[in-house]
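See structure below.
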Amino acid sequence: MSDIKKFMYINTKAPYGTIYAWESLEVVLIGAAFEQEVSMAFIGDGVYQIAKGQDTSDLGVKNFSPTYSALGDYDVNKIYVEKESLEARGLTLDDLLGLKYEDEDDDWAEKDSIRVVSSTELAEILEQQEVVFSF
Amino acid sequence: MSTLHTVNKSPFDRRALESCLRLATKGSAVLLFEDGVYGAMKGTEKSAIVEKALGDVSIYVLGADMKARGVDTSKLIDGIKVVDYKGFVDLTVENDKVNAWL
């Protein structure tokens, strides 16, 4: 059995009402240093975490949404967003951050990290994971 | 007795918004803030109950919380008014009491 495990971080909450979103992102970035195979899923209100156009300057709290752009540099480039959750909230892929990564197996071509998947597809992806953290 | 109702939880996560709109009497004011601002967006599974309530109650949303969450004014349900923190204070003063739904 390989030392590399499939890690999945499931994000279910909106970004600023609770600390879960920020804590999850910190754990993912720390965990990424251990060279595991990391994926993230955004479901339910979690999809709001990666909405574009966030500006917390009037709130006096940190806007951590730009930090999601760093995930690609840590080889976290499988970011699954549940289609049904987006639709329930009147959102589309265009409303989300344009997260990218450079594919080392394809001459470092820039590619999109976000993949919108159905509940059925996501269920299958979750089934394949070896370690799951839910926030 | 006029009432200001406040809702600070996402309508997809909790039932606070639905309870509030079901029980707020005609002429009441409802302020959506923090994660409650998601309830002010059009085109969602919860938009219809909010649109229906607008006939009876005035609905306000806190601009700073919209901005933090990337919710643009263009995404709001027609008839919902954006207020700043001063507007929030004014609403509490204009009404006899506040009912903070959790």
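Worth pointing out:
- Scanning the range B:1-34 for residues that are of a type in the set (Asp, Glu) and touching a strand residue (DSSP E or B) at 6+ places or on another chain (Cβ under 9 Å) turns up just one, B:Glu34.
- Candidates in the range A:26-79 are the residues that are of a type in the set (Gly, Ala, Ser), surrounded by fewer than 16 Cβ atoms within 10 Å (Cβ to Cβ) and in contact with a helix residue (DSSP H, G or I) (Cβ under 8 Å, 6 or more places away or on another chain); of these, the one that is modelled with the lowest pLDDT is A:Ala33.
- Residue satisfying condition, being within 12 Å of chain A (Cβ to nearest Cβ), crowded, with 17+ Cβ neighbours inside 10 Å and hydroxyl-bearing (Ser, Thr, Tyr), within set B:Ser28, B:Ser10, B:Ser74: B:Ser10
- Here B:Ile59 fulfils each of the conditions (1) under 21 Å from A:Lys52 (Cα atoms); (2) crowded, with 17+ Cβ neighbours inside 10 Å; (3) of a type in the set (A, V, I, L, M, F, W, C) apart from (1).
- Residue identified as facing another protein chain (nearest Cβ under 9 Å), exposed (fewer than 14 other Cβ atoms within 10 Å of the Cβ) and among the charged types (D, E, K, R) among B:Asp96, B:Asp35, B:Asp65, B:Asp84: B:Asp84
- Here A:Asp105 clears all of (1) within 14 Å of chain B (Cβ to nearest Cβ); (2) part of a helix (DSSP H, G or I); (3) at pLDDT below 95 except the condition numbered (1).
- Residue check for A:Gln54: out of contact with any Cys (no Cβ under 7 Å at 6 or more places or on another chain), under 25 Å from B:Lys75 (Cα atoms) and part of a loop (DSSP other than H, G, I, E, B): yes
- Residue count for the range B:38-62, restricted to those that are over 21 Å from A:Ala21 (Cβ atoms) and at the interface with chain A (Cβ under 10 Å from one of its Cβ atoms): 4
- Among helices (runs of 4 or more DSSP H) entirely within the range B:17-102, having at least 1 residues that are under 23 Å from A:Thr12 (Cβ atoms) singles out B:47-53, B:63-68.
Okay, residues lined up against (1) of a type in the set (D, E, K, R); (2) within 14 Å of chain B (Cβ to nearest Cβ); (3) under 19 Å from A:Leu99 (Cα atoms); (4) part of a strand (DSSP E or B):
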position: A:Gly17; (1), (2), (3), (4): no, yes, no, no
position: A:Ala21; (1), (2), (3), (4): no, yes, yes, no
position: A:Glu26; (1), (2), (3), (4): yes, no, yes, no
position: A:Glu35; (1), (2), (3), (4): yes, no, no, no
position: A:Ala41; (1), (2), (3), (4): no, no, yes, yes
position: A:Asp58; (1), (2), (3), (4): yes, yes, no, no
position: A:Ser69; (1), (2), (3), (4): no, no, yes, no
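Condition check ((1) within 14 Å of another protein chain (Cβ to nearest Cβ); (2) of a type in the set (Asp, Glu)) across all residues:
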position	(1), (2)
A:Gly72	no, no
A:Asp95	yes, yes
A:Gly98	yes, no
A:Lys111	no, no
A:Gln129	no, no
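- Any hit, the range A:32-41, residues being more than 10 Å from the chain's Cα centre (by Cα) and of a type in the set (Ser, Thr, Tyr): no
The values are calculated or read from the model by the stated rules, or taken from the named source; none is laboratory data. Worth saying up front: this structure is predicted, and the values here are computed from it rather than measured. With ideal geometry, Cβ positions are generated from the backbone for all residues, glycine too; neighbour counts draw on all protein chains shown.
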